[in-house]
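Read through the structure below, which is laid out as structure tokens, and then see the notes.
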Amino acid sequence: MAEPTLPLPSVFQVSDPWIPEPLSNPPVVSCAAGFEPVVAEELRELSHTPYYLKPAKLVLPEAGPDACPALNFYPRTVHRVYLLLGLGRAPTLQDVRALAQAVPFHAYLNPEQRFAVRAQRHGSHDFTSMDVAREVGSAVVERVQAHTGRRIRAELDTPDVEIMAELSDDQLLLLLNTSGPPLHRRHHRAFQHFAPLLPTLAAALLRLSSFPDNVDLLIDPMAGGGTIPIEAALLARNVAPGLLLPEGQLALFRLSFLDHTAWSRLRHRAERQVRPRSPVPILAADRYARNIRGMKANLEAMGVAADVTVCAGRAERMAYLEQQPPGRRSVVTNPPYGLRWAIRGALTDSTTTLPAPAPDTALPKSWRSRPAATPGSRPSRRPVITRHSYSPCATGSWKLLRCASSRPKQKRGGLNATPLPLLYAVCAKGSGHRCRIALGNMARTSAISPALICRFSTSKTTRTACCG
């Protein structure tokens with residue numbers, strides 16, 4: 001049983017420099033680094049053709065500004081939606097100013113509006129991000145004043161329009177923010193967990209787990225504040241993310257060249273497609289009573305309390321599953337802090353095949369037990385597996401696969417740099433029903449009926465990740 005990896009989008013290639021024609025700018029979406037293939041798959045389902053621009057950035061060259069309302073409304077894994085104003089080489093501040101002066105800012109801003117330039121810089125330069133913002137801001141003021149005769153003012157706290165200037169090594173990217181605040185701020189949290197998962201990342205994990213198709217029960221044994229169960233209920237009920245966003249926070253309503261009536265049409269259409277209940281049962285559990293109370297409050301605040309069953313219990317036992325009917329179960333969970341770093345450090349080859357289940361040998365070496373720290377030494381904070389067990393019907397081997405790019409590696413953070421790999425684990429053989437597992441930034445496919453238990457511990461606390 002082989003699990004195909006998600007294809008990486010093609011690289012976006014244009015002339016240098018490239019300034020789009022006014023009001024024909026292609027949208028650029030931002031996402032979590034490493035999840036570009038997942039976001040690209042969702043965008044293709046929305047009839048778009050995404051291209052890889054840089055880490056955590058995808059561009060849609062076949063779309064235009066009229067696609068921005070729908071891109072802010074429907075995608076669940078997108079952080080922000082921008083319009084591409086220009087890109088090109090800018091190794092010096094003079095080049096930054098020259099590229100910015102070539103952008104027709106008067107076509108996007110009105111003199112009555114207030115604007116801000118948010119600059120980010122990656123790489124080694126003899127100037128700061130504030131210098132980049134100052135040069136781009138000066139170009140905005142000069143270009144608008146030259147065409148309107150009026151001076152536009154800057155406002156850093158509450159601007160009407162935000163312009164993003166991202167300098168990666170010697171590549172400058174100028175973007176116009178159409179979303180405003182990040183789109184992941186769509187959950188109403190009555191309880192704030194100390195380490196909440198972003199709803200966009202929860203949606204990406206759910207896409208990797210194939211939920212809600214071919215799933216009879218979704219389980220989150222370490223639910224915390226309930227982000228994954230909430231996002232799962234909204235997905236199963238077909239509640240579009242745009243229905244949860246307050247229109248006042250969206251920047252697209254402050255851009256005069258966009259169609260503001262498109263949002264209301266999208267809202268009316270999406271409201272008619274909402275299901276009254278989730279067709280797939282969702283079970284959320286946590287070991288701490290405080291998290292249980294907070295999770296219930298968050299479920300009530302989001303209006304999905306009737307779709308999620310909340311249980312108290314430890315993830316390594318999952319005794320609450322004994323009361324659930326048999327069927328195809330999918331586990332989607334966010335492991336405790338630090339687990340993903342151990343996973344990333346454990347994989348050194350592009351493909352690692354783990355042997356058949358055996359004590360302390362069926363997992364990578366860096367995951368195995370190690371002696372306790374000697375008195376007086378500094379304890380290690382990297383989580384390791386101290387005990388694991390397999391069910392008798394779990395046969396075959398685990399294979400960890402990188403979703404790596406065939407393109408040559410470039411400097412991290414630059415335009416068209418190789419993205420961070422997504423990690424997959426595939427059980428080649430086995431018995432029982434097929435169960436898809438999404439764990440942190442990993443997706444696992446197994447044919448194991450009972451649970452595969454992996455117990456993790458740190459120097460002070462014991463943390464458990466249960467997959468099965």
Per-residue ³J(HN,Hα) for region 44-58, Karplus 6.51 cos²θ - 1.76 cosθ + 1.60, θ = phi - 60°, Hz, x for Gly and Pro: 5, 5, 8, 6, 10, 10, x, 10, 7, 9, 6, x, 6, 9, 10
Relative exposure of PHE211, PHE127, PHE35, judged by other C-beta atoms within 10 Å (fewest first): PHE127, PHE211, PHE35
Cα→Cβ-extended label distance, 7 Å offset, between GLU21 and ARG293, nm: 6.2
³J(HN,Hα), Karplus 6.51/-1.76/1.60, whole Hz, each residue of region 203-213, x for Gly, Pro: 5, 5, 5, 5, 5, 5, 8, 6, 5, x, 6
Amide H contacts under 5 Å for ILE219, placed H, 5+ residues apart: LEU283, SER330, VAL331, VAL332
Burial ordering of HIS147, HIS268, HIS193, fewest other beta-carbon atoms within 10 Å first: HIS268, HIS147, HIS193
Amide H contacts of GLY34 (H built 1.01 Å from N, under 5 Å, at least 5 apart or other chain): ALA56, LEU420
Amide H partners (placed H, <5 Å) of GLY123, local residues excluded: ASP169
ARG314/GLU45 FRET efficiency (R0 60 Å; Cβ-Cβ; nearest 0.05): 0.95
Largest to smallest principal axis extent of the C-alpha atoms in region 244-343, angstrom: 56, 35, 26
Longest to shortest principal axis, alpha-carbon extents of region 159-282, angstrom: 47, 39, 29
As computed over region 1-119, the Cα convex hull volume per residue (Å³): 135
³J(HN,Hα) computed for each position of region 277-284 - Karplus, 6.51 cos²θ - 1.76 cosθ + 1.60, integer Hz, glycine/proline x: 9, 6, x, 10, x, 10, 10, 10
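Every number here is computed from the coordinates shown, using simple stated rules; none is lab data. Please read all numbers here as calculations on a predicted model, not as lab measurements. Note: ideal-geometry Cβ built from the backbone for every residue, glycine included; neighbour counts use all protein chains shown.
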